[in-house]
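> One structure follows; several queries about it will come next.
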Amino acid sequence: MFDWLPYNTQVVLVGVTLLGVCSGVIGCFAVLGRRALVGDALSHATLPGVGIAYLLAGGKHFAFMLLGGFVSGLLGIGVLSILKRFTRIREDAAIAIVLSTFYGGGIVIATVIQAQASGGQAGWDTFIFGQSVGMIWDDAQWIMALGLVTLVIVALLFKEFKLVAFDPAFAHVQGWPARAIDFTMMLLLLVAVVTGLPAVGVLLMAAMLIIPASAARLWTYRLSRMLFLAAAIGAGSGIAGALLSSSVALPLGPCIILFAALFFLTSLMFAPERGLLARAFQRRRDRIALLADLRAGKEPI
Amino acid sequence: MQSSLSSAVTTKAPKLASRISILDVHDVTVAYHRKPVLWDVDLTLTEPCLLGIIGPNGAGKSTLIKAILGLVPLVSGSVQVFGQSVASQRKSIGYVPQRESVDWDFPVSVLDVVLMGTYGSLGWFQRPGATEKAWARQCLDMVGLSDFADRQIGQLSGGQQQRTFLARALAQQADVYFMDEPFAGVDAATEQAIIVLLRKLREQGKTVLVVHHDLRTAPIYFDQVAMLNVRLVAAGPTASTFTDENLHKTYGGRLAILDRLSQAVESQTRTR
């Protein structure tokens, strides 16, 4: 379908489409579970792991760096839950502490790499800002594999995720392992973050999770439809961003996020019921109806 | 050690399986950090009943329910349902949490929420089918919300949200129900509808434990009461337990204020 595009752009398109779908779907659960900021902390928490993996592998090795990011992301989750559980530090403060500490650690490691001669022409710093030019077919295959696994798990555990996201206490009373199900959601969030890192970068990855989901939420009040819409918006932003980025040589991550933001703004304005315009019209209609009742001398019910 | 307060109903009709108590709360203590919320609570229910858990704010009423259901850790003590661990009796337990405990802007319909009550009878990965949906609609009908099945839950009034939770608990088809303030913030009509439903459950031989705030209605609604103020002050048949003495023990100085208030209201109505 995209035969007219250079081979590299085709690879990138496949990669970002699946990435958009996955982060859209997982982002829904993150947003509904009030985990938008946790997603941001997670993506920053992956950075030291990516750097250490780079040092250990002695160069850019995609799968190995993803693994490094995954491990340090897990560590981030661990620190976050320890702070939440055993201290009286508020959650927003705990998130900020984890986010900045891990990011700081990542930057220190970056400097070490930069100091080494071999790190000169880099490769690994793309994980901070994101880059598509370097994406090769192998990378895209990794994204596809992880993405498909994520989607299969969400499809299988849809009922369980929905229940735990809505009412974890009720889930527990019913006998579901609510904590484990919640942790699985968190793991999928981490997987989505890690796979998106090379393309979108640490700084903007959270937006990939939050913006499509928030836009989708405006159009529907059905969780299943929200997931599909968020997937479509994620994929759409990914494709549009990749095309723009490859045609005018702009960085991929920011391009994708700007398109996602465009989708969000459009939704915010025009969505039925929840959109700003629809709400303004509704307020006007309510007021006119109330005034009519008032003049007709009706009693309030 | 506290004296064990048993609330066994008069043993006029000994059932065959009578030796197994429905609920057995034994020496339960719960604390947040260093502060005890429940202190050495014993409560045994041997026959189906409609039990009101009453007590002042901060008395641990909700915590008692959460402790029984394993939602808060016990410092000491144990809980058994039908003579076995709570974890093994999940299918016979129904739960109505406090209305504020969930996000009512969550993208699900009323029917979706009620369907969640059937999840316990479904296995992993298994989705609710036509049977579950029909049953969920029946439960909605029982609380008078059949016309609201496809509404988003955020569009409901407080009373309707409460009835949605009740319908979800009914969908669980449990034998023992735990309800955390089902009457909080509902209109008079909903309150009536709910109490009629609870009595129906009671007639079907189910046991219903209700955290309740309103002292005026408590003796009318419940055949058994548990009066709680960190310790269990008294528990048993309402007629013999809901006494002035026990009320004062439970509410302490706070009831004096209530007394004066009600006297003031009475004298006002008399002068009118």
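The values are calculated or read from the model by the stated rules, or taken from the named source; none is laboratory data. The structure presented is a predicted model; accordingly, all values stated were derived computationally and were not measured. Positions of Cβ are backbone-derived with ideal geometry, glycine not excepted, and every protein chain shown enters the neighbour counts.
> Hey, can you tell me all the residues within region B:128-151 that are within 22 Å of the chain's Cα centre (by Cα) and within 21 Å of B:ALA189 (Cβ to Cβ)?
Hits for region B:128-151 are B:CYS139, B:LEU140, B:ASP141, B:MET142, B:VAL143, B:GLY144, B:LEU145.
> Another one. Give me a count of the residues in region B:57-77 that are surrounded by 18 or more Cβ atoms within 10 Å (Cβ to Cβ) and away from chain A (no Cβ under 14 Å).
4
> Also, quick follow-up: If you check A:ILE181 against the conditions, is it under 9 Å from the mean Cα position of the chain (by Cα) and either in a loop (DSSP other than H, G, I, E, B) or β-branched (Val, Ile, Thr) (or both)?
no
> A further question on this structure: Among the residues of region A:161-170, are any more than 20 Å from B:VAL110 (Cα to Cα), facing another protein chain (nearest Cβ under 7 Å), out of contact with any Pro (no Cβ under 7 Å at 6 or more places or on another chain) and among the aliphatic types (A, V, I, L, M)?
The answer is no; no qualifying residue exists.
> Just one of the numbered conditions (1) facing chain A (nearest Cβ under 9 Å); (2) in contact with a helix residue (DSSP H, G or I) (Cβ under 7 Å, 6 or more places away or on another chain) is not true of B:ARG99; which one?
Condition not satisfied by B:ARG99: (1).
> Just one of the numbered conditions (1) acidic (Asp, Glu); (2) within 14 Å of chain A (Cβ to nearest Cβ); (3) touching a strand residue (DSSP E or B) at 6+ places or on another chain (Cβ under 6 Å) is not true of B:ASP24; which one?
Of (1) acidic (Asp, Glu); (2) within 14 Å of chain A (Cβ to nearest Cβ); (3) touching a strand residue (DSSP E or B) at 6+ places or on another chain (Cβ under 6 Å), only one is false for B:ASP24: (2).
> Select, from A:ALA199, A:ALA206, A:ALA213, the only residue that is under 30 Å from A:GLY106 (Cα atoms), within 14 Å of chain B (Cβ to nearest Cβ), crowded, with 21+ Cβ neighbours inside 10 Å and touching a residue at least 40 places away in the same chain (Cβ under 8 Å).
A:ALA213
> From the residues in region B:78-96 that are touching a strand residue (DSSP E or B) at 6+ places or on another chain (Cβ under 8 Å), within 16 Å of B:ARG168 (Cα to Cα) and not aromatic (Phe, Trp, Tyr), which one is nearest to the other protein chains (Cβ to nearest Cβ)?
So the residue we want is B:ILE93.
> The conditions are (1) more than 29 Å from A:LEU80 (Cβ to Cβ); (2) in a helix (DSSP H, G or I); (3) within 14 Å of chain B (Cβ to nearest Cβ), and A:TYR221 fails exactly one of them. Which is it?
Checking A:TYR221 against (1) more than 29 Å from A:LEU80 (Cβ to Cβ); (2) in a helix (DSSP H, G or I); (3) within 14 Å of chain B (Cβ to nearest Cβ), the one that fails is (2).
> So which residues in region B:112-135 are within 7 Å of chain A (Cβ to nearest Cβ) and either at pLDDT 95 or above or buried (at least 19 other Cβ atoms within 10 Å of the Cβ) (or both), if there are any at all?
Hits for region B:112-135 are B:MET116, B:TYR119, B:GLY120.
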